[in-house]
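We did not get these values from a lab; they are worked out from the coordinates using the rules stated. Everything numeric here is computed off the predicted structure, so don't read it as measured data. We place every Cβ from the backbone using ideal geometry, glycine too, and count neighbours over all the protein chains shown.
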Amino acid sequence: MRHLVIFAKAPRLGQVKRRLAAEIGDVEALRFYRASLGALIRRLARERRWKVRLAVTPDRAAGNDFPHADGLTVVAQGEGDLGVRMGRAIAGCPPGPAILIGTDIPAVSATHIVQGFELLRAADVVFGPAADGGYWLVGASAAGRRKLVFGPARWSTPHALADSRAGLPAGTSVALADTLEDVDNAAAYARWRARMTIG
């Protein structure tokens with residue numbers, strides 16, 4: 001069985017999208033995050049091609065913090081830095097290939113997730129690069145899950161993807177999915193708003 005983990009923060013004022021909030025304000029950042037999170041769950045959670053689980057922070061976040069999440073498996077992210085928490089979320093999935101995505105890439109579609117799983121047919125690990133040097137998707141094949149190790153990385157910087165790749169064990173095969181844009185600043189937010197208006 002294929003597994004998709006949606007890695008999410010409870011949408012609370014002042015607690016999400018802090019880099020974006022520094023430029024557009026806490027209220028607008030929260031509005032964006034809620035819209036992006038809700039749309040992502042609606043698009044991906046009812047797919048039959050994979051089983052979805054929501055990995056949430058804070059650990060005590062209630063189900064009603066997450067729109068449209070009824071019926072999903074909800075697990076706590078737990079303690080640790082981003083790499084530790086992502087590794088825990090993927091390791092906690094039942095056997096099979098597993099992919100983890102964030103919630104702030106509005107362009108993510110079911111087609112992108114299918115692409116990620118298809119790439120894992122020939123690779124141990126897959127990354128979906130973000131335009132800012134980070135990544136919006138990371139996953140491993142059933143056999144490759146033991147190779148997906150998150151070592152020290154400069155999270156939330158242009159070096160996050162390169163650092164994560166460098167931390168993988170020697171001999172790990174890596175595939176790259178499509179590059180998508182992370183909405184982390186006012187310019188990216190303005191482009192998202194324009195697309196929403198046109199749509």
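Assuming charge only on the beta carbon of Lys and Arg (+1) and of Asp and Glu (-1), the dipole of segment 151-191 about its Cα centre is about 120 debye to the nearest 20. Count Lys and Arg as plus one, Asp and Glu as minus one, and take only other residues whose Cβ is under 14 Å from that of ARG18; the net charge is then -2. About its Cα centre, the dipole of segment 1-120 is roughly 280 debye, where the only charges are +1 on Lys and Arg Cβ and -1 on Asp and Glu Cβ. Projected label points at MET1 and ALA186, each 7 Å from Cα along the beta carbon direction, are separated by 4.7 nanometres. Each Cα pair under 8 Å and six or more residues apart adds its separation to the average, and for the chain the resulting relative contact order is 21 percent. Estimated from helical segments only, the mean residue ellipticity of the chain at 222 nm is -10000 deg cm²/dmol, where each DSSP H run of four or more residues counts as -39500 (n - 2.57). Segment 13-106 has equivalent-ellipsoid semi-axes of 23, 16, 12 Å, by the square roots of 5 times the alpha carbon gyration tensor eigenvalues, sorted largest first.
Size estimate for segment 3-198 follows the Kirkwood approach: the inverse of mean 1/r over distinct Cα pairs works out to 16.9 Å. For segment 1-50, the convex hull spanned by the alpha carbon atoms encloses 71 Å³ per residue. Bridges between two residues of the chain, per DSSP, are antiparallel at a rate of about 30%.
Since only ALA170, GLY116, VAL27 are under comparison, the one whose Cα sits farthest along the positive direction of the charge dipole of segment 3-198, derived from C-beta charges on Lys, Arg, Asp and Glu, is GLY116.
Amide H to amide H, with H built 1.01 Å from N, VAL183 comes under 5 Å of no residue 5 or more places away or on another chain. Measuring between their Cα centroids, segment 82-98 and segment 135-189 lie 14 Å from each other. When the Cα positions of LEU40, ILE105, TRP192 are compared along the charge dipole of segment 3-198, LEU40 comes out farthest toward the positive end, with charges on each C-beta of Lys, Arg, Asp and Glu.
Of the Cα atoms belonging to segment 104-157, the radius of gyration and Dmax stand at 12.0, 31 Å.
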